[in-house]
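Working notes, beginning with the structure itself.
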Amino acid sequence: MTEAEAIDRAKNGDGYSFELLYTMHKRRVYSLCLRMVGNTAEAEDLTQEAFLQLYRKIATFRGESAFSTWLHRLSVNVVLMHLRKKGLNEVSLEETIEPQQEDGPKKDLGARDNVLAGSIDRVNLERAIESLPPGYRIIFVLHDIEGYEHNEIAEMMGCSIGNSKSQLHKARMKLRDLLKTRTLEKARR
Amino acid sequence: MDKIENKLGTGCAEFQDELPSLMEAGADISNHPHLQQCHTCSDLVRDLLYIADQAKLLLPLHDPSPQVWSNIKGTLVREGVMGEDDDPGNAKKNFVVRR
(Lines give C-alpha, C1' and ligand atoms only; values in the text may rest on other atoms or scores of the structure.)
Protein backbone atom coordinates (compact mmCIF):
# COMPACT_ATOMS: atom_id res chain seq x y z
CA MET A 1 0.00 0.00 0.00
CA THR A 2 1.35 3.45 -0.85
CA GLU A 3 1.06 6.43 1.46
CA ALA A 4 -1.52 7.97 -0.89
CA GLU A 5 -3.64 4.82 -0.69
CA ALA A 6 -3.33 4.77 3.11
CA ILE A 7 -4.46 8.42 3.22
CA ASP A 8 -7.48 7.69 1.01
CA ARG A 9 -8.50 4.72 3.13
CA ALA A 10 -7.94 6.58 6.39
CA LYS A 11 -10.21 9.34 5.06
CA ASN A 12 -12.93 6.69 4.89
CA GLY A 13 -12.28 5.74 8.50
CA ASP A 14 -10.06 2.72 7.93
CA GLY A 15 -8.24 2.22 11.22
CA TYR A 16 -5.60 -0.07 9.80
CA SER A 17 -4.54 2.54 7.23
CA PHE A 18 -4.50 5.19 9.92
CA GLU A 19 -2.15 3.03 11.94
CA LEU A 20 0.11 2.75 8.92
CA LEU A 21 0.25 6.54 8.71
CA TYR A 22 1.00 6.70 12.42
CA THR A 23 3.85 4.23 11.99
CA MET A 24 5.31 6.24 9.15
CA HIS A 25 5.14 9.66 10.79
CA LYS A 26 5.26 9.11 14.57
CA ARG A 27 9.01 9.67 14.87
CA ARG A 28 9.01 13.03 13.11
CA VAL A 29 5.96 14.30 14.97
CA TYR A 30 7.24 13.13 18.35
CA SER A 31 10.72 14.57 17.78
CA LEU A 32 9.20 17.91 16.82
CA CYS A 33 7.04 17.93 19.97
CA LEU A 34 9.95 16.88 22.16
CA ARG A 35 12.25 19.59 20.84
CA MET A 36 9.58 22.25 21.18
CA VAL A 37 8.54 21.43 24.76
CA GLY A 38 11.71 19.74 26.05
CA ASN A 39 9.79 17.19 28.11
CA THR A 40 9.08 13.56 27.15
CA ALA A 41 5.75 13.15 28.95
CA GLU A 42 4.37 16.38 27.48
CA ALA A 43 5.77 15.47 24.06
CA GLU A 44 3.96 12.11 24.15
CA ASP A 45 0.68 13.77 25.14
CA LEU A 46 1.09 16.24 22.28
CA THR A 47 1.94 13.48 19.79
CA GLN A 48 -1.23 11.71 20.86
CA GLU A 49 -3.25 14.91 20.43
CA ALA A 50 -1.70 15.60 17.01
CA PHE A 51 -2.65 12.16 15.69
CA LEU A 52 -6.14 12.36 17.15
CA GLN A 53 -6.58 15.66 15.34
CA LEU A 54 -5.15 14.04 12.23
CA TYR A 55 -7.81 11.32 12.39
CA ARG A 56 -10.54 13.91 12.75
CA LYS A 57 -9.23 16.25 10.07
CA ILE A 58 -7.71 13.93 7.50
CA ALA A 59 -10.80 14.24 5.29
CA THR A 60 -9.88 17.92 4.80
CA PHE A 61 -6.45 17.04 3.38
CA ARG A 62 -6.66 17.97 -0.30
CA GLY A 63 -3.13 17.13 -1.34
CA GLU A 64 -2.17 20.73 -2.10
CA SER A 65 1.03 20.16 -0.14
CA ALA A 66 2.86 16.97 0.78
CA PHE A 67 1.06 14.99 3.47
CA SER A 68 4.12 15.16 5.75
CA THR A 69 4.18 18.98 5.42
CA TRP A 70 0.47 19.19 6.21
CA LEU A 71 0.78 16.87 9.23
CA HIS A 72 3.85 18.74 10.42
CA ARG A 73 2.02 22.05 10.34
CA LEU A 74 -0.93 20.49 12.17
CA SER A 75 1.47 19.19 14.84
CA VAL A 76 3.17 22.57 15.24
CA ASN A 77 -0.25 24.14 15.77
CA VAL A 78 -1.11 21.54 18.41
CA VAL A 79 2.09 22.37 20.30
CA LEU A 80 1.60 26.14 19.98
CA MET A 81 -2.01 25.85 21.16
CA HIS A 82 -0.79 23.87 24.16
CA LEU A 83 1.86 26.48 24.95
CA ARG A 84 -0.66 29.30 24.62
CA LYS A 85 -2.89 27.55 27.14
CA LYS A 86 0.09 27.41 29.48
CA GLY A 87 0.67 31.12 28.90
CA LEU A 88 4.22 30.64 27.69
CA ASN A 89 3.75 32.25 24.32
CA GLU A 90 3.05 35.70 25.65
CA VAL A 91 5.81 35.43 28.20
CA SER A 92 8.43 34.43 25.69
CA LEU A 93 7.47 36.90 23.03
CA GLU A 94 7.65 39.79 25.42
CA GLU A 95 11.06 38.49 26.39
CA THR A 96 10.36 38.75 30.07
CA ILE A 97 12.26 35.52 30.57
CA GLU A 98 15.50 37.44 30.28
CA PRO A 99 14.65 41.04 31.04
CA GLN A 100 18.31 42.02 31.08
CA GLN A 101 18.33 41.46 27.33
CA GLU A 102 15.35 43.68 26.57
CA ASP A 103 17.33 45.90 24.27
CA GLY A 104 18.66 43.09 22.15
CA PRO A 105 21.13 40.28 22.42
CA LYS A 106 24.17 40.63 24.59
CA LYS A 107 27.13 42.04 22.68
CA ASP A 108 30.34 40.09 22.43
CA LEU A 109 32.98 42.76 22.87
CA GLY A 110 35.35 40.67 24.92
CA ALA A 111 38.69 39.13 24.23
CA ARG A 112 38.98 36.43 21.65
CA ASP A 113 38.39 32.98 23.06
CA ASN A 114 37.88 29.51 21.67
CA VAL A 115 35.60 29.10 18.68
CA LEU A 116 32.96 26.39 18.57
CA ALA A 117 33.61 25.05 15.10
CA GLY A 118 34.15 21.30 15.23
CA SER A 119 33.73 21.12 18.99
CA ILE A 120 30.02 20.35 19.43
CA ASP A 121 28.30 17.05 18.90
CA ARG A 122 24.64 16.23 18.43
CA VAL A 123 24.06 15.30 22.07
CA ASN A 124 25.50 18.56 23.39
CA LEU A 125 23.57 20.60 20.88
CA GLU A 126 20.30 18.81 21.74
CA ARG A 127 20.93 19.43 25.45
CA ALA A 128 21.72 23.08 24.90
CA ILE A 129 18.54 23.52 22.84
CA GLU A 130 16.58 21.85 25.63
CA SER A 131 17.87 24.37 28.14
CA LEU A 132 16.96 27.43 26.04
CA PRO A 133 14.14 29.61 27.38
CA PRO A 134 10.88 28.41 25.74
CA GLY A 135 10.41 31.40 23.44
CA TYR A 136 13.91 31.14 22.03
CA ARG A 137 13.69 27.36 21.77
CA ILE A 138 10.46 27.36 19.75
CA ILE A 139 11.70 29.85 17.18
CA PHE A 140 15.06 28.10 16.90
CA VAL A 141 13.44 24.67 16.43
CA LEU A 142 10.96 25.97 13.87
CA HIS A 143 13.50 27.95 11.84
CA ASP A 144 16.89 26.27 12.13
CA ILE A 145 15.82 22.65 12.59
CA GLU A 146 12.45 22.38 10.89
CA GLY A 147 13.16 24.87 8.13
CA TYR A 148 10.18 27.21 8.46
CA GLU A 149 10.56 30.73 7.07
CA HIS A 150 10.13 33.77 9.30
CA ASN A 151 6.85 34.74 7.64
CA GLU A 152 5.43 31.27 8.38
CA ILE A 153 6.64 31.40 11.98
CA ALA A 154 5.21 34.88 12.43
CA GLU A 155 1.84 33.68 11.16
CA MET A 156 1.82 30.60 13.37
CA MET A 157 3.05 32.42 16.47
CA GLY A 158 0.99 35.56 15.93
CA CYS A 159 4.04 37.82 16.09
CA SER A 160 5.84 40.09 13.62
CA ILE A 161 8.49 38.84 11.20
CA GLY A 162 10.97 41.17 12.88
CA ASN A 163 10.21 39.63 16.23
CA SER A 164 10.79 36.15 14.84
CA LYS A 165 14.17 37.23 13.40
CA SER A 166 15.19 38.92 16.60
CA GLN A 167 14.22 35.89 18.75
CA LEU A 168 16.16 33.59 16.44
CA HIS A 169 19.30 35.69 16.73
CA LYS A 170 19.00 35.77 20.51
CA ALA A 171 18.44 32.02 20.55
CA ARG A 172 21.64 31.40 18.57
CA MET A 173 23.58 33.79 20.81
CA LYS A 174 22.26 32.03 23.91
CA LEU A 175 23.12 28.65 22.43
CA ARG A 176 26.64 29.85 21.74
CA ASP A 177 27.00 30.87 25.38
CA LEU A 178 25.63 27.54 26.59
CA LEU A 179 27.85 25.51 24.30
CA LYS A 180 30.96 27.49 25.16
CA THR A 181 30.29 27.08 28.87
CA ARG A 182 29.89 23.34 28.40
CA THR A 183 33.06 23.12 26.32
CA LEU A 184 35.03 25.02 28.96
CA GLU A 185 33.61 22.88 31.78
CA LYS A 186 34.55 19.75 29.86
CA ALA A 187 38.08 21.06 29.30
CA ARG A 188 38.52 21.77 33.03
CA ARG A 189 37.63 18.18 34.01
CA MET B 1 43.25 48.41 15.15
CA ASP B 2 41.77 45.13 16.33
CA LYS B 3 42.98 45.75 19.85
CA ILE B 4 41.53 49.25 19.91
CA GLU B 5 38.18 48.06 18.53
CA ASN B 6 37.86 45.32 21.12
CA LYS B 7 38.85 47.59 23.96
CA LEU B 8 36.44 50.32 23.02
CA GLY B 9 33.75 48.13 21.53
CA THR B 10 33.16 50.64 18.78
CA GLY B 11 32.44 49.08 15.45
CA CYS B 12 31.64 45.79 17.18
CA ALA B 13 28.45 47.06 18.77
CA GLU B 14 27.28 48.55 15.50
CA PHE B 15 28.18 45.44 13.56
CA GLN B 16 26.45 43.16 16.06
CA ASP B 17 23.34 45.32 15.96
CA GLU B 18 23.31 44.87 12.22
CA LEU B 19 24.23 41.18 12.34
CA PRO B 20 20.71 39.62 12.61
CA SER B 21 19.56 41.35 9.42
CA LEU B 22 22.84 40.57 7.64
CA MET B 23 22.51 36.89 8.49
CA GLU B 24 18.82 36.71 7.62
CA ALA B 25 19.47 38.35 4.27
CA GLY B 26 21.45 35.24 3.45
CA ALA B 27 24.31 37.23 1.99
CA ASP B 28 27.92 36.15 2.33
CA ILE B 29 29.12 38.34 5.17
CA SER B 30 32.60 36.90 5.39
CA ASN B 31 33.88 39.85 3.35
CA HIS B 32 32.22 42.47 5.51
CA PRO B 33 34.82 45.20 6.19
CA HIS B 34 34.40 44.94 9.94
CA LEU B 35 35.20 41.22 9.93
CA GLN B 36 38.44 41.84 8.10
CA GLN B 37 39.77 43.68 11.12
CA CYS B 38 37.92 42.21 14.12
CA HIS B 39 38.61 38.68 15.31
CA THR B 40 35.96 38.83 18.03
CA CYS B 41 33.13 39.48 15.58
CA SER B 42 34.66 37.14 13.05
CA ASP B 43 34.62 34.32 15.64
CA LEU B 44 31.09 35.23 16.64
CA VAL B 45 29.82 35.02 13.05
CA ARG B 46 31.63 31.74 12.50
CA ASP B 47 30.06 30.26 15.65
CA LEU B 48 26.54 31.43 14.80
CA LEU B 49 26.77 30.02 11.29
CA TYR B 50 28.18 26.79 12.69
CA ILE B 51 25.29 26.45 15.16
CA ALA B 52 22.73 27.06 12.40
CA ASP B 53 24.45 24.51 10.15
CA GLN B 54 24.63 21.87 12.89
CA ALA B 55 20.95 22.39 13.72
CA LYS B 56 20.00 21.50 10.15
CA LEU B 57 21.69 18.14 10.63
CA LEU B 58 19.63 17.18 13.67
CA LEU B 59 17.42 14.31 12.61
CA PRO B 60 14.27 13.11 14.31
CA LEU B 61 15.76 10.25 16.30
CA HIS B 62 13.26 9.52 19.01
CA ASP B 63 10.19 7.32 18.88
CA PRO B 64 7.26 7.75 21.24
CA SER B 65 6.57 4.87 23.61
CA PRO B 66 4.07 2.18 22.45
CA GLN B 67 1.66 3.58 25.02
CA VAL B 68 1.04 6.57 22.74
CA TRP B 69 -0.52 4.42 20.01
CA SER B 70 -2.49 2.47 22.64
CA ASN B 71 -3.92 5.74 23.95
CA ILE B 72 -4.77 7.00 20.45
CA LYS B 73 -6.47 3.76 19.54
CA GLY B 74 -8.25 3.58 22.90
CA THR B 75 -9.66 7.07 22.42
CA LEU B 76 -10.82 6.37 18.85
CA VAL B 77 -12.40 3.05 19.90
CA ARG B 78 -14.22 4.77 22.77
CA GLU B 79 -15.48 7.39 20.33
CA GLY B 80 -16.76 4.57 18.14
CA VAL B 81 -14.76 5.62 15.09
CA MET B 82 -12.28 2.73 15.09
CA GLY B 83 -12.86 -0.98 15.52
CA GLU B 84 -11.36 -2.81 18.49
CA ASP B 85 -10.17 -5.72 16.38
CA ASP B 86 -7.46 -3.74 14.56
CA ASP B 87 -4.24 -5.29 15.70
CA PRO B 88 -1.69 -2.65 16.64
CA GLY B 89 1.70 -3.88 15.64
CA ASN B 90 0.71 -5.43 12.33
CA ALA B 91 1.01 -2.14 10.55
CA LYS B 92 4.78 -1.91 10.77
CA LYS B 93 5.24 -5.48 9.59
CA ASN B 94 2.91 -5.18 6.61
CA PHE B 95 3.51 -1.64 5.46
CA VAL B 96 5.74 -1.39 2.45
CA VAL B 97 6.18 2.15 1.18
CA ARG B 98 6.12 2.38 -2.59
CA ARG B 99 7.23 5.70 -3.96
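The values are calculated or read from the model by the stated rules, or taken from the named source; none is laboratory data. Please read these numbers as outputs of a predicted model, since none were measured by experiment. Positions of Cβ are generated from backbone atoms using ideal geometry, with glycine treated the same way; all protein chains shown enter the neighbour counts. The area values use the complete protein model at the heavy-atom level, side chains included, leaving out ligands, DNA and RNA. Shrake-Rupley method; radii C 1.70, N 1.55, O 1.52, S 1.80 Å.
Do you know which of the residues in the stretch B:38-49 that are among the aliphatic types (A, V, I, L, M) and buried (at least 19 other Cβ atoms within 10 Å of the Cβ) is farthest from residue B:14 (Cα to Cα)?
Per the criteria, the residue is B:48.
Tell me, which residue of the stretch B:4-13 that is at the interface with chain A (Cβ under 10 Å from one of its Cβ atoms) and either in a helix (DSSP H, G or I) or at pLDDT 90 or above (or both) is farthest from residue A:116 (Cα to Cα)?
Within the stretch B:4-13, the match that is farthest from residue A:116 (Cα to Cα) is B:8.
Among the numbered conditions (1) hydroxyl-bearing (Ser, Thr, Tyr); (2) in a helix (DSSP H, G or I); (3) modelled with pLDDT of 90 or more, tell me where residue A:92 comes up short.
(3)
Within the stretch A:1-48, can you find the residues that are part of a loop (DSSP other than H, G, I, E, B) and within 10 Å of chain B (Cβ to nearest Cβ)?
Listed by number, the residues that qualify are A:1, A:2, A:13, A:14.
Quick grid of which residues meet (1) open to solvent by 90 Å² or more (accessible area, probe 1.4 Å); (2) in a loop (DSSP other than H, G, I, E, B); (3) at pLDDT 90 or above; (4) among the aliphatic types (A, V, I, L, M):
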position	(1), (2), (3), (4)
B:27	no, yes, no, yes
B:30	no, yes, no, no
B:51	no, no, yes, yes
B:54	no, no, yes, no
B:60	no, yes, no, no
B:63	no, yes, yes, no
B:69	no, no, yes, no
B:82	no, yes, no, yes
B:85	yes, yes, no, no
